[in-house]
1. Among the residues that make up region B:96-111, is at least one of them in a helix (DSSP H, G or I), within 16 Å of the ligand (Cβ to nearest atom) and more than 21 Å from B:Gly272 (Cα to Cα)?
2. Report the residue count in region B:153-167 for those that are touching a Leu at 6+ places or on another chain (Cβ under 6 Å) and either within 14 Å of chain A (Cβ to nearest Cβ) or within 16 Å of the ligand (Cβ to nearest atom) (or both).
3. Can we say B:Tyr73 is assigned by TED's automatic domain parsing to the domain that holds B:Val220 and open to solvent by 80 Å² or more (accessible area, probe 1.4 Å)?
4. Working only within region A:61-72, note down all residues that are buried (at least 20 other Cβ atoms within 10 Å of the Cβ) and more than 23 Å from A:Val141 (Cα to Cα).
5. Within the set of pairs 6+ apart or on separate chains, which have a first residue in region B:96-125 that is away from chain A (no Cβ under 14 Å) and on the phi > 0 side of the Ramachandran plot, a second that is away from the ligand (no atom under 13 Å from the Cβ) and of a type in the set (S, T, N, Q), and C-beta atoms under 9 Å apart?
6. With the structure loaded, tell me whether B:Val80 is outside the structural domain of B:Thr420 (by TED's automatic domain parsing) and surrounded by 15 or more Cβ atoms within 10 Å (Cβ to Cβ) or whether it fails that test.
7. Residue check, A:Ser153 against (1) of a type in the set (S, T, N, Q); (2) modelled with pLDDT of 90 or more; (3) surrounded by fewer than 24 Cβ atoms within 10 Å (Cβ to Cβ), all met but one. Which one?
Amino acid sequence: MAGLEDLYREIILDHYRSPRNRGELETPPAHRAEGFNPLCGDEIVVYVEADENDRIRDIKVGGQGCSISQSSASMMSGAVKGKTIAEARGLMGAFKAMMSIHETDIGGDGSEAEQGIDSPVETIATAELKLGDLEALRGVVKFPVRIKCATLSWNTLNQVLEEIEAD
Amino acid sequence: MSETNEAKPDTPSTGPPKAFDVAAIRADFPILSQLQTTSDGSKKRLVFLDSAASSQRPNQVLDAMDEVYKTGYANVHRGVYQLAERATNAYEGGRKKIARFIGAPDAAEVIFTKNATESLNLVAGSWGRQNLGPGDAVLITMLEHHANIVPWQMLAAEKEFEIRWVPVNEGGELILDTLDQLLDGVKLFSFTAMSNVTGTLTPVRRLVDAAHAKGALACVDACQAVPHQPVDVTEWDADFVAFSGHKMLGPSGIGVLWGRRELLEDMPPFLGGGGMILNVTTEGFIPDGLPGKFEAGTPPIVESAGLGAAVDYLSTLGMEAVRQHEIELTAYAMRSLTEALGEGLTIHGPSEPAARGGVLSLTLDDVHAHDISQILDESAVCIRPGHHCAKPLMRHFGVSATARASLYIYNDTDDLDALTEALVKARKFFAL
Ligand SMILES: Cc1ncc(COP(=O)(O)O)c(C=O)c1O
């Protein structure tokens, strides 16, 4: 049986206690999207400013949530800052693959948390992309109801990226 | 365990009132004797503190349902063979018991739905669709569950009436100073008898009277009231009362809408299909009388028998005694939690235990409710994190989630000590 230390790794608690890239960006030039976890009421706002080469120049995260959703958001922001949108999507796919073991089993409710990154870039990305700190969230898959907490910020990021691309 | 699954006598056994015997009650609930294995391999007694979401059910209810499935199951109302008659008797027998339990003058006023949510949607979709339009208003309160908000918002989008809100104060109690003004032009006042977030008990009779004085109807969301306190719809003088079976020891899949006969008779059917008609031709249909008019399709047959057994069980305990037990436990919980956790702990809602039901919505320092629940699960303590389907109220309190512990007949002070202990652990774990 999975223990709490599988879920609450020190690095997760560290990101939770001192989240990176908290705040807001002016829109425009930045784009903004809101994500909700309808199960627990977590709300997250992701701001992304991309340059003309589709590189993520800046990213900020607002909203409130549990330690898993907040630390995941913090790690996500650090991981994609400075990357191109394509690279960010690669990371998203890799993260999603790491989390995907159970997500389809726990009864998708068709909510926004479900949409978006269902067709990630090929999973070979998993091996090649370095998830870094994000690896610490691997233990979340042992706690299926918390997977949505971990993926919330990524799904929200996906919404922002879609908006940027539609622009 | 009961020997027979026939209706238990409705007259509780006479003799001196016995003390509330939680150990004996618990013995009737097989699920509560389970042990939960935690990550260190140890086994812990299940501490179930989530009855506001859904209660557990005793053998008496399970047996009553089994009995119908094993000996008297068929579809209702349509067969002439004996089995069908027995099933119909089981189904209608449940209705009669529930009518008696809530003081309904007439069992035909008890409509079975699938849950309180459907009951409230029935009021909106049938009465509301017939009676509401531009210039009208429906009054609800900031304490409401989404089940008593969204049906009105859905209908308002179509019928263009106004939705007004009775405000609440910091203690989670309704602010009634402006009630009369708010009721001006209102056709229906729909409100909860007890908040599922703060446990706030609302002054039902006073609210009903205020509505009637302004010519409005009163609809009571009694989902958290009927399971926990004596309820008499006639004493309330309400027009509609909605509740769910699964929160009061009954099965899931059955809910109740009680309505005043004259109103129900004037209302159009909600769902169409078999079982709700007198006649159907190529030109149209004639709806059945009460309660059939509102019970399209195969109803919750076995669930009615189960809910009947549930109200028998509660009647035997006595609803006054149930309420008293919960007040005592609530007072104990508020005291011991505050002592152990002090600053940093907020128990949302009224500070006076007698002014609230057995629902304790907590926030603890900056530890998120989700994380609290996760730690508590390690101690086999089941509570619920989240917004509890009452987002407007949560926003009012400025929180996105609370950790909610809720009490029922099978809980005792040991359960609350386990809760307190687990919360102390959670605080330590997340000490920021
Ligand atoms: C006050 C209140 N109203 C309505 C409901 C909805 O009940 P159900 O989900 O059984 O329809 C609930 C259940 O959480 C409730 O607590």
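The values are calculated or read from the model by the stated rules, or taken from the named source; none is laboratory data. Computed from a predicted structure; not experimentally measured. Glycine gets a Cβ as well: all are built from the backbone with ideal geometry, and neighbour counts include every protein chain shown. Side chains are part of the model used for accessible areas, which takes the heavy atoms of the whole protein and leaves out ligands, DNA and RNA. Shrake-Rupley method; radii C 1.70, N 1.55, O 1.52, S 1.80 Å.
1. Taking region B:96-111 and keeping what is in a helix (DSSP H, G or I), we get B:96-101, B:107-109.
Adding the requirement that they be within 16 Å of the ligand (Cβ to nearest atom) leaves B:98.
From the residues that got through so far, the ones that are more than 21 Å from B:Gly272 (Cα to Cα) too are B:98.
Yes: one or more hits.
2. Keep residues of region B:153-167 that are touching a Leu at 6+ places or on another chain (Cβ under 6 Å), which gives B:159, B:161, B:164, B:166.
Applying the additional criterion that residues be either within 14 Å of chain A (Cβ to nearest Cβ) or within 16 Å of the ligand (Cβ to nearest atom) (or both) yields B:166.
Total meeting the criteria: 1.
3. Numbers: assigned by TED's automatic domain parsing to the domain that holds B:Val220: yes; open to solvent by 80 Å² or more (accessible area, probe 1.4 Å): yes.
Answer is yes for this residue.
4. Within region A:61-72, the first condition is being buried (at least 20 other Cβ atoms within 10 Å of the Cβ), and the residues that meet it are A:61, A:63, A:65-72.
Within region A:61-72, A:Val61, A:Gly63 qualify.
5. Close Cβ pairs (under 9 Å, with a partner that is away from the ligand (no atom under 13 Å from the Cβ) and of a type in the set (S, T, N, Q)) amount to B:Gly103/B:Thr234.
6. Working: outside the structural domain of B:Thr420 (by TED's automatic domain parsing): yes; surrounded by 15 or more Cβ atoms within 10 Å (Cβ to Cβ): no.
In short, no.
7. Exception for A:Ser153: condition (3).
Rundown of residues vs (1) open to solvent by 10 Å² or more (accessible area, probe 1.4 Å); (2) closer than 30 Å to B:Thr346 by Cβ, yes/no style:
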position	(1), (2)
B:Glu118	yes, no
B:Ala124	no, no
B:Trp165	yes, yes
B:Leu174	yes, yes
B:Val197	no, yes
B:Thr202	yes, yes
